[in-house]
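Structure record follows, encoded as structure tokens.
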Amino acid sequence: MSYRPAPTRAAVLVASVLAVDALFHLYWTTGATWPAAGEASLSQAVLGADVPFTPPVLIPLVALLLTGAATVLARLRHPRQLLFLLGTSAVAAGLSLRALAGIYWLFAKESGTAFHWLNLALYTPLCAVLALAALRVARWRQETESLEDAPHAAHAG
């Protein structure tokens, strides 16, 4: 069997961006609105809609982002665990859906807003790249066999 190295860079990229996003959302649970002037402008820039940036809304999102980051990294350490395969696939699917929604929003939402430009230049391309990276991690299979996995391989031949 051929050896395919683990997609470590792809996993670290996805996990790092998800963790940084989680840290931003955790920061916003304090009531701070940086880099925006206030909660309304932050909500419009990040989501293109008026959504409260309160702990009951943000903490579940922080937990989801950190769980996704940990799951993608765990896939590298435990490539045969179905849970981590499914979890990493779910991360890839979620990022794909966000990228597709971002493409739709480019045409459906008002142009010229902060959200429009952030979605065009940052959110959608980043989600597309991360979706591909997460998919690469999800599709990776450890193709080397150890002697424990193939006890008869040493005697074949």
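Of the residues examined, residue 141 is one that is closer than 18 Å to residue 75 by Cα and at pLDDT below 95.
The residues on offer are 40, 92, 70, 32, and the sole one that is open to solvent by less than 80 Å² (accessible area, probe 1.4 Å), free of Cβ contacts under 8 Å to residues at least 60 places away in the same chain, small (Gly, Ala, Ser) and within 19 Å of residue 126 (Cβ to Cβ) is 92.
The residues of region 1-29 that are small (Gly, Ala, Ser), touching a helix residue (DSSP H, G or I) at 6+ places or on another chain (Cβ under 6 Å) and either open to solvent by 60 Å² or more (accessible area, probe 1.4 Å) or within 26 Å of residue 117 (Cβ to Cβ) (or both), listed by number, are 19, 22. Within region 101-116, if we keep just the residues that are out of contact with any helix residue (DSSP H, G or I) (no Cβ under 9 Å at 6 or more places or on another chain) and in a helix (DSSP H, G or I), the residue that is nearest to residue 71 (Cα to Cα) turns out to be 104. Of all the listed residues (76, 58, 65), the sole one being open to solvent by less than 60 Å² (accessible area, probe 1.4 Å), free of Cβ contacts under 8 Å to residues at least 60 places away in the same chain, over 19 Å from residue 126 (Cα atoms) and part of a helix (DSSP H, G or I) is 58. So residue 6 ticks every box in (1) at pLDDT 95 or above; (2) in contact with a Phe, Trp or Tyr (Cβ under 9 Å, 6 or more places away or on another chain) but one. Which box is left unticked? It fails just one condition, (1).
Listed here are the residues, each with its yes/no results for (1) in contact (Cβ under 8 Å) with a residue 40 or more places away in the chain; (2) open to solvent by less than 70 Å² (accessible area, probe 1.4 Å).
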| site | (1), (2) |
| --- | --- |
| 108 | no, yes |
| 115 | yes, yes |
| 124 | no, yes |
| 130 | yes, yes |
| 134 | yes, yes |
| 139 | no, no |
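The values are calculated or read from the model by the stated rules, or taken from the named source; none is laboratory data. Keep in mind that this is a model prediction, so the values were computed, not measured. Cβ atoms come from the backbone with ideal geometry, glycine included; neighbour counts cover every protein chain shown. Surface accessibility is based on the protein's heavy atoms, side chains included, excluding ligands, DNA and RNA. Shrake-Rupley method; radii C 1.70, N 1.55, O 1.52, S 1.80 Å.
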